[in-house]
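The values are calculated or read from the model by the stated rules, or taken from the named source; none is laboratory data. What you see is a predicted model; the values in this text were computed from it and never measured. For neighbour counting, all protein chains shown are included, and Cβ atoms are generated from backbone atoms with ideal geometry for every residue, glycine included. SASA here: full protein model, heavy atoms, side chains in, ligands and nucleic acids out. Shrake-Rupley method; radii C 1.70, N 1.55, O 1.52, S 1.80 Å.
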Number of protein chains: 6
Amino acid sequence: MPQPRPDGRQSDELRPVSITPGYLSHAEGSALIAQGGTHVLCAASVEDRVPGWLRNQQRGWVTAEYAMLPRATHTRTARARAQGRDVGRSQEIQRLIGRSLRAVTDLAALGERSIVVDCDVIQADGGTRTAAITGAYVALWQALLWIEREAPSAGEPEPFPQFPLTEAVAAVSVGISADGADDDPMLDLCYAEDSVAGADFNIVATESGRLVEVQGTAEGSMYSRAQLDTVLDLAARGIADLIAVQKAAIAALT
Amino acid sequence: MPQPRPDGRQSDELRPVSITPGYLSHAEGSALIAQGGTHVLCAASVEDRVPGWLRNQQRGWVTAEYAMLPRATHTRTARARAQGRDVGRSQEIQRLIGRSLRAVTDLAALGERSIVVDCDVIQADGGTRTAAITGAYVALWQALLWIEREAPSAGEPEPFPQFPLTEAVAAVSVGISADGADDDPMLDLCYAEDSVAGADFNIVATESGRLVEVQGTAEGSMYSRAQLDTVLDLAARGIADLIAVQKAAIAALT
Amino acid sequence: MPQPRPDGRQSDELRPVSITPGYLSHAEGSALIAQGGTHVLCAASVEDRVPGWLRNQQRGWVTAEYAMLPRATHTRTARARAQGRDVGRSQEIQRLIGRSLRAVTDLAALGERSIVVDCDVIQADGGTRTAAITGAYVALWQALLWIEREAPSAGEPEPFPQFPLTEAVAAVSVGISADGADDDPMLDLCYAEDSVAGADFNIVATESGRLVEVQGTAEGSMYSRAQLDTVLDLAARGIADLIAVQKAAIAALT
Amino acid sequence: MPQPRPDGRQSDELRPVSITPGYLSHAEGSALIAQGGTHVLCAASVEDRVPGWLRNQQRGWVTAEYAMLPRATHTRTARARAQGRDVGRSQEIQRLIGRSLRAVTDLAALGERSIVVDCDVIQADGGTRTAAITGAYVALWQALLWIEREAPSAGEPEPFPQFPLTEAVAAVSVGISADGADDDPMLDLCYAEDSVAGADFNIVATESGRLVEVQGTAEGSMYSRAQLDTVLDLAARGIADLIAVQKAAIAALT
Amino acid sequence: MPQPRPDGRQSDELRPVSITPGYLSHAEGSALIAQGGTHVLCAASVEDRVPGWLRNQQRGWVTAEYAMLPRATHTRTARARAQGRDVGRSQEIQRLIGRSLRAVTDLAALGERSIVVDCDVIQADGGTRTAAITGAYVALWQALLWIEREAPSAGEPEPFPQFPLTEAVAAVSVGISADGADDDPMLDLCYAEDSVAGADFNIVATESGRLVEVQGTAEGSMYSRAQLDTVLDLAARGIADLIAVQKAAIAALT
Amino acid sequence: MPQPRPDGRQSDELRPVSITPGYLSHAEGSALIAQGGTHVLCAASVEDRVPGWLRNQQRGWVTAEYAMLPRATHTRTARARAQGRDVGRSQEIQRLIGRSLRAVTDLAALGERSIVVDCDVIQADGGTRTAAITGAYVALWQALLWIEREAPSAGEPEPFPQFPLTEAVAAVSVGISADGADDDPMLDLCYAEDSVAGADFNIVATESGRLVEVQGTAEGSMYSRAQLDTVLDLAARGIADLIAVQKAAIAALT
């Protein structure tokens, strides 16, 4: 029988999630996502140009940056360290966020524009990269809505042939405990669980159930094909719940 | 007669100010200060050691770091730029915050401990460095309270001979407009005012009215001794009001 | 029906693979792996100390570094760029190599020693990170053999209670083409295939079939659970073949 | 009664000051200023272009850089440290020098040209930033004279509608001792005084008595409005004397 | 009488040398040179542009880069260190390689093209910079041959008025032992000799016997004019032998 | 017949040279050397420790650093560029200066002390590295004299068994013009000559005529053994003259 979780959740239960859209007043799109003790501020900025290698192709680009405030963590992380040794971790995460958002963006419909989504972790309690993806989708949605409303008010033609987001995308973590193969995988690890997990999965998927990214990493405990299947089932359920929260946040914007 | 201000304030009127103490759950002390559209998150971290040059002197140290999130500003500031060209501005500001806090800290009473106060600007609308000082004082207060309560609960002796803060400190900006010497100085500039000011002052003072720092910088318009006197009068009134808000926030903690 | 592959291989066929153990004369362990046009030089260095956070725990550590020579690629990559913008990619890869090696290393049996495995890509034609893992295992094996033989010759006690490698580990890539869901996944992509793939998988597994890492990344084409299953089947077969090549190389050393 | 000063000066007495204009042969303008043991070499370089954000506005720009030679100080400062940790101090100082020079420069009269004034401290004995401003004014003057004489000799039209310097600018430090509020402030601190001062002021003002910058910083001792007034009186007298030395140096050039 | 050398060579005897031309498949020119235990991989990359300061002068440019793999040496050199403290050594060496190649290149005949020759040390056993020059000449030769053959096949005119290499260039080290002035200089030091040498010479010369570079460096033992003469004689003989090996490698290409 | 030189000197004639010992008041040793338009400030700093790899060997160390002020040159060199791209040139030069000084220093007699000689180019007109060596010798001499006088005054034993400098060392440049093999080499190039030279030599030698360093670099024109002999003859004469100037400067110190 599985161990009880530190916060009493069932193995297939998400932490409480809330998304506050439009949290910032300067950014074209923004959202503050709180998933348990993990709080990530996502800010989407619109730029009227694309990277050099994309120029003159009538296509846009979506990218992301990811960072943590020094005291997001239990003990303070020096900024210097965050910018030095951990630069690899940050780049790995921001590439993941960018790919996840582009997977549901019709870049041709977006036109020659770039959206940069800054994901800054205000407080960390496990699952910051997956929360960042879930929140960034809402910030991106608001930024595209801003373009759609701004252009006509400036007497310009409709900016998009169709709204550039094809479906919702969200992400969640799953973990396998270190001490034995029989334990149930657990959905949405908090930090106390994550730090002792034997294998750790980040799954990104869309509303239609297609997979964008599967990352399954064993440090202490390798895993079987059967365990991977259970992990993917759990993630699918969690992602469906997160997409419902995204939709409610977006509804509040329109 | 002076120009009306963009938000209709009187020349001696602060923007609405609120301070939320204890905003973060991991930090020993924290406060989110909102002064008009300027929002700064201050996090105070306690460390049981001091910098090398202070060791074995039975004294503590208080220091600060300051940074802006990329989309705190009207247009996005690239992180790379923020860490490169603007590093001088950030260091100048964080040294100012550190000096201001140390001016009211009894470092001998603090003992061999360091407090680092991270001031991260979530949203910028003028006066971020002065708001950071005002908010950092509350975060520092909470961190010292945490030490005071933690030590006895761990069976240790009283940590301080007396509470190490001697009086409150706060800061405010004042500006002189660029177009003429007769205009009234204006208290607590928002960004729209700051960006066109002819001279720009940051004043840090304590509850007892002593000055910690006066910085008066002319780019476009030099100023007279008489104008400097008016600026200092305005700042004194603003700082008194800010200290009242600090006291209310601290009262909510205890 | 699937497209023919550029080099005429079947979809489940590896490129020709050879591993030259002991390629370098100074390194305690080394191997040059050639997998088609991808050539990676792996050098394992033994150090008689462990990172600070592991000290005095009677356990060892295995880590890796990964880099490309400037003209490993079709067009030259400036060293400056390789050290700047691509630092995130390199760190991501070297963490993957390190985790994969540690998954089959008994760190307690290793004792307070570190092994660093440098993986330098001499020539790149797709799949450099997976080839690096496969080659690094052989270099690590030789370095451990060196310790085992060196210690007694220096009159020291047996260095290991048992040989610290628990089983073989190897890795391979699999790809799904961008143009349609019905195409067969293809094993061991060369660069020409990799650059047009719709989704790209790196799988690390051990001789006993347990999974160490699954990374499945969609940029252009998302994928279904069924496709992921086919991918994992293909990878299992490729990894079994690679482990046979590793065993032959190791046999040549002893 | 105030303490005697280490070099026997009165509290309102400058150290001996000399300015050697045209010290360098390649620079368009230069001056070596010696103020007591503080020696700063100022070199003004003319460039026929302006920063990007100023282009096509028929205005020029004046900026400064500031650095110390490693053995300008009592003990050697490593170059690496000077370029790392102290970069904030240098940037803060060079922005101050640049603002001070621009305050007396008619940028429209200058036309689309930039002047960069490098201020390198050859030997430091307190007050390097204020000496740099005083010397930089002379170097800037010589560089503008060079433009004025060079243009007609090259058959070009008069370069300036009028000489672009509107009046002289100079700077001086003042200090308050740490041990008591009754002590007289002291003009032009040497290093031995500066290192024990309780509050430290840098004042920049023009020949007509207008203030360009007031920086008053307390580390150990806060100060009153009355003390600030005395400081400003002392500075006004010192700056008048320094401007007389500048005028003599400039007269030697013409 | 001179000491016997560690590998039994005569004082005027080179180590065994082999050059493998065309070692890499992507680079336009390449060569792997093995001189005793020193192995350097040279890769020549052709670019259809020249540095900015050479533009529109109908001349080309040849440059080099030099680096060591971390485990080329007896003990591992951290990449960070190789990129930090040793950057000066690498730049010094790569400038030497570039100058040596340009000395025998007719840059006007080359036309507006650049060749960058990357010299990466796979294994180091003394004399890496001189081996790099000897190998780089072969890689450069192959890259120029590639241009000559590629252009007509693309229907373009003959690329060169004449082949741009005017004669062969090669390099060798010579050493004087630390313990006495009477010892014979020794040709082509291995690492064990180099690390105890009293003075160390690198000589670059051409087939016609002209000198391109003479670098004679004493750390422990200064040297006389007579010793320098013997050194130059030895080097001339060694370089003649190396040029014969270059010619054989080039013959294999054509 | 050789071309006349820009400043009318004979081919074997040095530029006017002066050395001002004790130019700085904080440094233990210092000298300002002016050789024609080249001015280098040399400052020797004494430290009571040695680098880690020399510890506990009863020997000292002498090292140097070299840099140029931004406006030492005809046009300004940005500090950023000086610290980036040109770092290799500076490191190459400072290693040369350090080796040259150590060649005449009895490191055992020096004891466990380090001397760092900072060579900062105030104005550059060719031959800055050779002037730096010649000046640095005087600064080093004064620093050793300071140690010798300081120790007894502090009641300590005699610091040196004998004075640690064994003989004088100085350096000079020689050049061969680019346009023909028959031209006489010229001693002590100024910038106008250096920038068009075909080959360029830096020679470091001691009072007794022994060679410390010979660097002969051809960019445009290779050179013969016979030319190298003439170069070495010229350098020997120049160095003898420079050593006479050093001796006069040192005599003024004692």
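Results, tabulated for the structure shown:
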| read-out | value |
| --- | --- |
| Calculated label separations, residue A:112, copies of the chain, 7 Å along the beta-carbon direction, nm | 2.6, 2.6, 6.3, 6.4, 6.9 |
| Size-normalised alpha-carbon gyration radius of the stretch C:13-87, reference 2.2 N^0.38 Å | 1.45 |
| Whole-number Å³ per residue for the convex hull built on Cα positions in the stretch E:30-70 | 96 Å³ |
| Tail beyond 24 Å, pair distance distribution of the stretch B:27-164 (Cα, percent) | 33 percent |
| Exam field: residue A:8 pseudo-label spacings to other copies (7 Å along Cα-Cβ), nanometres | 4.8, 6.9, 8.3, 8.3, 10.0 |
| For residue E:57, inter-copy label distances in nm, listed shortest first [label point 7 Å out on the Cα-Cβ vector] | 3.7, 3.7, 4.5, 5.7, 5.9 |
| Expected-Rg normalisation [2.2 N^0.38 Å, Cα atoms] applied to the protein assembly as shown | 0.99 |
| Minimum 30 Å² accessible area buried by the other protein chains, the stretch A:23-39 residues, probe 1.4 Å, relative to alone | A:23, A:24, A:26 |
| The stretch F:182-254-the stretch F:115-159 distance, computed between alpha-carbon centres (Å) | 22 Å |
| Theoretical ellipticity at 222 nm over chain A - DSSP helices of four or more residues, -39500 (n - 2.57) apiece, nearest 500 | -11000 deg cm²/dmol |
| Distance-filtered residues of the stretch C:133-157 - backbone nitrogen under 17 Å, label point 7 angstrom along residue C:112 Cα→Cβ | C:157 |
| Geometric extent, Cα atoms of the stretch C:100-186 - Rg, Dmax (angstrom) | 18.0, 64 |
| Highest-fluctuation residue, C:144, C:189, C:232 considered, GNM on chain C with Cα pairs under 10 Å | C:232 |
| Chains C and E, summed buried accessible surface - 1.4 Å probe, Å², nearest 100 | 2400 Å² |
| Relative contact order for chain B, counting Cα pairs under 8 Å that sit 6 or more residues apart, in percent | 22 percent |
| Neighbouring partner chain Cβ atoms per residue of A:43-50, average, 10 Å criterion | 2 |
| Residue among D:194, D:233, D:241 with the largest mean-square fluctuation in a Gaussian network model of chain D, springs linking Cα atoms under 10 Å | D:233 |
| Phi to ³J(HN,Hα) by Karplus 6.51 cos²θ - 1.76 cosθ + 1.60 over the stretch A:189-204, Hz, x for Gly, Pro | 5, 8, 4, 4, 7, 4, 6, 10, 5, x, 8, 9, 10, 10, 10, 10 |
| Packing-based ranking, highest mean first, of B:32-39, C:222-229 given that Cβ atoms within 10 Å are counted | B:32-39, C:222-229 |
| Accessible surface of the stretch B:206-254, 1.4 Å probe, proportion on carbon and sulfur as whole % | 56 percent |
| Å² of accessible area per residue within the protein assembly as shown, as computed with a 1.4 Å probe and no ligands counted | 39 Å² |
| Two-decimal Rg/Rh across the stretch A:189-228, once Rg and the Kirkwood Rh are taken from alpha-carbon atoms | 1.03 |
| For residue B:123, residues with placed amide H under 5 Å, excluding near neighbours | B:39 |
| Residue E:25-residue C:58 FRET efficiency (beta carbon distance; Förster radius 51 Å; 0.05 resolution) | 0.60 |
| Charged-residue dipole, Cβ positions (Lys, Arg, Asp, Glu), the stretch B:12-150 about Cα centre, Debye nearest 20 | 540 debye |
| Distance histogram for the stretch E:150-232 (every C-alpha pair counted, 10 angstrom bins, percent rounded to whole numbers) | 16, 37, 19, 11, 10, 6, 1 |
| Diffusion coefficient, µm² s⁻¹, Stokes-Einstein with Kirkwood Rh over alpha-carbon pairs of chain A at 20 °C and 1.002 mPa s | 114 µm²/s |
